[in-house]
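Q: I'd like to ask some things about the structure below.
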Amino acid sequence: MSAPSPADHVDRRRWAQYLADERAEANVYHRLAASKEGETREILEQLAAAEGRHEAHWLGLLGGEPERMPRASLRTRMLGAMAGRFGTLFVLALAQNAEARSPYDGERFATPAMRADEKVHHEVVRGLAARGRRRLSGTFRAAVFGANDGLVSNLALVLGIGATGVAPQFVLFSGIAGLLAGALSMGAGEFVSVRSQRELLEATEPTAFGGRTLPDLDIDSNELALVYRARGMGHDEAVERARRVIAEAHTGGRVPTRTGATDIGEVVGGAWRAAASSFLFFASGAIIPVLPWLFGLSGVAAVILALVLVGLALLGTGATVGLLSGASPLKRALRQLGIGLGAAAVTYLLGLAFGVSVA
């Protein structure tokens, strides 16, 4: 048997890489499924099974296990390591980005079904990640806003005051006062915001409109249909729905008076939880710019260290937002950094402009 041509070697190396990646991706979904139950677990297991079908395709082209199995891609190995250590939402958000870049679009040895699978997998993972994002939305929003407000506002405060030339102790006390005032304000504001949003949504939710009295309604005039029409149904659909509900009420069946109601707690989160999260994250962000003065530094050294610490924190929070939202972490990180340092630069220049002379 003649030796394979160089082109065959190239193809086989690529197939072996696909094989390694598909196995690693299936393992990611298996590990995520192991920590879940019910429908989410079933969906993750089916995703793993689909990756197994792709694995079998490349294994068939290779004619069995390759002599040298390459390592899975760094991205896939990172997902596998995170699957057992981090929350499902974090891993699914990363997997969503990964599934969006299918390696099979220009691959002539991939079947059309495999290319279609990869597109569908992206949407499935997006849907699973969206469930987690909805559960996390209220607290996560408060945490991110709190941390970034603490970082930016207190950095601007201490740099602006420090640039006036006052004593380092005054800068430190101002930073601590800004931390406490801002954290309390953020916590109170978040509590009022979430509580108001819950009350507004509760006022718009369908109510149980008297299931015991439904058998007494006139089926012919059928005013119950008006309830469903007011909720957005068309005339014919509303009439049919009302007749069915009244018929079930007459036979003693379960009356679905709140079908389609929104889980408000899932959408906006709890007011106390959001307030506590906002307070703690603002405080944790606001303490970072104060650290140089807290440890006895002053002048240019304190300013530079504060900028470095806050810059790293802003990059971290921006990247986290990008990852969990399915967007580019680098772009979000740089955006956070630019906004934060820009605000600090303005207040520092104002402090220099209105500087005081210290005896």
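Q: Which FRET efficiency, nearest 0.05, do R273 and F109 yield, Cβ-Cβ r, R0 56 Å?
A: That pair, R273 with F109, gives E of 0.65.
Q: Points 7 angstrom from Cα along the Cβ direction at V166 and A56: gap in nanometres?
A: 7.3 nm
Q: How far apart, in nm, are the 7 Å Cα→Cβ label points at A247 and V308?
A: Output for this residue pair reads 7.6 nm.
Q: A further question follows. Any chance you could run the full-extension gain for A181 through R229? It's 0.36 nm times the residue separation minus the Cα-Cα distance, nm to one decimal.
A: The span from A181 to R229 would gain 12.4 nm if fully extended.
Q: Once you have the Cα-Cα distance between A49 and L200, take 0.36 nm times their residue separation minus that, and quote the gain in nm to one decimal.
A: 50.0 nm
Q: By how many nm would the segment from L291 to F354 lengthen if fully extended, with 0.36 nm per residue of separation less the alpha-carbon distance?
A: That works out to 20.2 nm of additional length.
Q: For A130 and V346, FRET efficiency with R0 = 41 Å and r from the beta-carbon atoms, rounded to 0.05?
A: Taking R0 as 41 Å, the efficiency between V346 and A130 is 0.65.
Q: Given a Förster distance of 51 angstrom, what is the FRET efficiency for R41 paired with I339, based on the Cβ-Cβ distance and rounded to 0.05?
A: 0.80
Every number in this text was worked out from the coordinates using simple rules, so none of it is lab data. Note that the structure is a prediction, hence the values are computed from the model and not measured. Note: ideal-geometry Cβ built from the backbone for every residue, glycine included; neighbour counts use all protein chains shown.
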